[in-house]
Amino acid sequence: MNRFFSKTCHRLIPYVPGEQPEIGQFIKLNTNENPYPPAPGVAEVLSTVAPALLRLYPDPTAKDLRTAIAAHYGVQQNEVFVGNGSDEVLAFVFQAFFGSEDAIAFPDITYSFYPVYANLYNIPYTTVPLTNAWAVDLSVYPKPLKGIVLANPNAPTGLTLSPEVIEEALKKRPDTLFVVDEAYVDFGGASVIPLVHSYSNLLVVKTMSKSRAFAGMRVGYAVGQSDLLEGIIRVKDSFNSYPLDIIAQKAATASFQDTPYFEQRRQQVIETRERFVQSLNEIGLSVLPSKANFVFVSKPGFDGTAILSYLRENGVLVRHFQKPRLAPWVRVTIGTDSQMSEVVDLLKKWV
Ligand code: PMP
């Protein structure tokens with residue numbers, strides 16, 4: 001490490017993103033991207049933005065985009081915050097609401113960026129084991145807690161908690177802020193955004209990366225009561241006034257203006273997932289019940305790296321996680337029907 005690194009920089013253990021190989025080299029099913037393009041209106045924006053517009057700073061509050069998102073969910077525009085990917089929104093959330101004197105908790109198996117943010121901002125955290133059935137059991141979380149962070153559906157398992165279970169916890173712990181990361185909820189889970197008006201201890205974080213095919217443009221958002229969002233805005237305005245560029249704001253707005261296209265594409269991914277799961281079950285592989293655009297797959301008695309290496313040798317990238325309980329498993333993103341048929345054919349041979 002370089003001698004100029006700060007103490008904080010020295011002790012960081014950064015998040016490691018999935019591999020991004022050259023386009024076309026692999027069937028890429030390792031980072032939960034959408035196999036379809038964004039809404040047609042997005043292409044139109046990209047082909048008509050005048051370069052002269054780039055002279056100007058973008059709207060620091062991204063009002064048009066927040067208005068489009070608010071209209072989609074039936075909330076007010078001051079109940080929506082937008083940032084440069086939900087990773088950035090989550091980072092702002094951790095800094096805005098949790099500090100070194102606070103206790104927070106999240107599952108032991110979940111999005112591996114949560115402990116990275118906690119370490120970055122010196123926030124002490126507890127991890128709570130998933131049950132034997134891979135479920136989040138909120139009744140065993142310690143008390144008191146300033147925050148509970150949940151990915152729903154969870155990653156990399158794909159299992160969901162129902163809004164009823166989350167609502168019960170919101171009632172039982174009014175002094176705990178629940179950050180519910182719904183990165184994958186559009187693929188068959190139920191969002192808790194409708195609960196936001198009733199619970200001041202609920203903050204929902206979402207991304208356009210998966211269900212709106214926007215991973216390359218980096219747009220994430222949070223929905224919560226406006227006085228709670230004030231905290232995130234304070235952090236954002238102490239860090240970067242303009243997290244979303246002019247093109248991203250216009251393109252993302254176009255995506256939210258085309259609900260039929262969004263519905264059609266997410267339904268397509270859900271149907272492909274169901275067919276893929278059925279085929280995997282037929283060839284004797286274990287698959288966790290997923291409501292996300294990925295499935296967690298294993299063959300009892302085998303290490304996940306065996307599946308990963310075999311698929312990689314045959315041109316398919318999937319993801320494996322280095323944690324004892326996850327060792328037998330690989331996470332496979334749902335691509336197009338033809339991509340998933342290819343994976344099934346390969347796995348048939350392997351089995
Ligand atoms: N939350 C979860 C659970 C995720 O899996 C991801 C994607 N890695 C993110 C948030 C971040 O997504 P993005 O920064 O692309 O919006």
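Among the residues of the stretch 258-314, how many are in a helix (DSSP H, G or I) and either touching a Cys at 6+ places or on another chain (Cβ under 8 Å) or not β-branched (Val, Ile, Thr) (or both)? Result for the stretch 258-314: 27.
Taken together, the residues in the stretch 183-218 that are within 11 Å of the ligand (Cβ to nearest atom), part of a helix (DSSP H, G or I) and open to solvent by 10 Å² or more (accessible area, probe 1.4 Å) amount to 0. Ile233 satisfies every condition listed in (1) of a type in the set (A, V, I, L, M); (2) farther than 22 Å from Asn34 by Cβ; (3) not in a helix (DSSP H, G or I) except (3). The set of residues in the stretch 9-20 being modelled with pLDDT of 90 or more and surrounded by 11 or more Cβ atoms within 10 Å (Cβ to Cβ) consists of Cys9, Arg11, Leu12, Tyr15. Give the residues of the stretch 100-154 that are open to solvent by 60 Å² or more (accessible area, probe 1.4 Å), small (Gly, Ala, Ser) and either more than 23 Å from Thr8 (Cα to Cα) or within 16 Å of the ligand (Cβ to nearest atom) (or both), sorted by residue number. Of everything in the stretch 100-154, those that are open to solvent by 60 Å² or more (accessible area, probe 1.4 Å), small (Gly, Ala, Ser) and either more than 23 Å from Thr8 (Cα to Cα) or within 16 Å of the ligand (Cβ to nearest atom) (or both) turn out to be Ala133, Ser139. Scanning the stretch 299-308 for residues that are in contact with a Ser or Thr (Cβ under 9 Å, 6 or more places away or on another chain) and either within 16 Å of Lys348 (Cβ to Cβ) or acidic (Asp, Glu) (or both) turns up Lys299, Ile307. When you look at Gln278, is it open to solvent by 50 Å² or more (accessible area, probe 1.4 Å) and either at pLDDT below 95 or closer than 27 Å to Val42 by Cβ (or both), yes or no? Considered against the rule, which asks whether it is open to solvent by 50 Å² or more (accessible area, probe 1.4 Å) and either at pLDDT below 95 or closer than 27 Å to Val42 by Cβ (or both), Gln278 comes out as no. Taking only the stretch 155-176 into account, find how many residues are open to solvent by less than 40 Å² (accessible area, probe 1.4 Å) and either within 16 Å of the ligand (Cβ to nearest atom) or within 22 Å of Ala96 (Cβ to Cβ) (or both). Count: 11. Checking the stated criteria, Ala96 turns out to be part of a helix (DSSP H, G or I), in contact (Cβ under 8 Å) with a residue 12 or more places away in the chain, surrounded by 19 or more Cβ atoms within 10 Å (Cβ to Cβ) and away from the ligand (no atom under 16 Å from the Cβ).
The values are calculated or read from the model by the stated rules, or taken from the named source; none is laboratory data. All values reported here derive from a predicted model rather than from experimental measurement. Please note: Cβ atoms are built from the backbone with ideal geometry, for glycine as well, and neighbour counts cover all protein chains shown. Remember, those area values only see protein heavy atoms, side chains included, never the ligands or the DNA or RNA. Shrake-Rupley method; radii C 1.70, N 1.55, O 1.52, S 1.80 Å.
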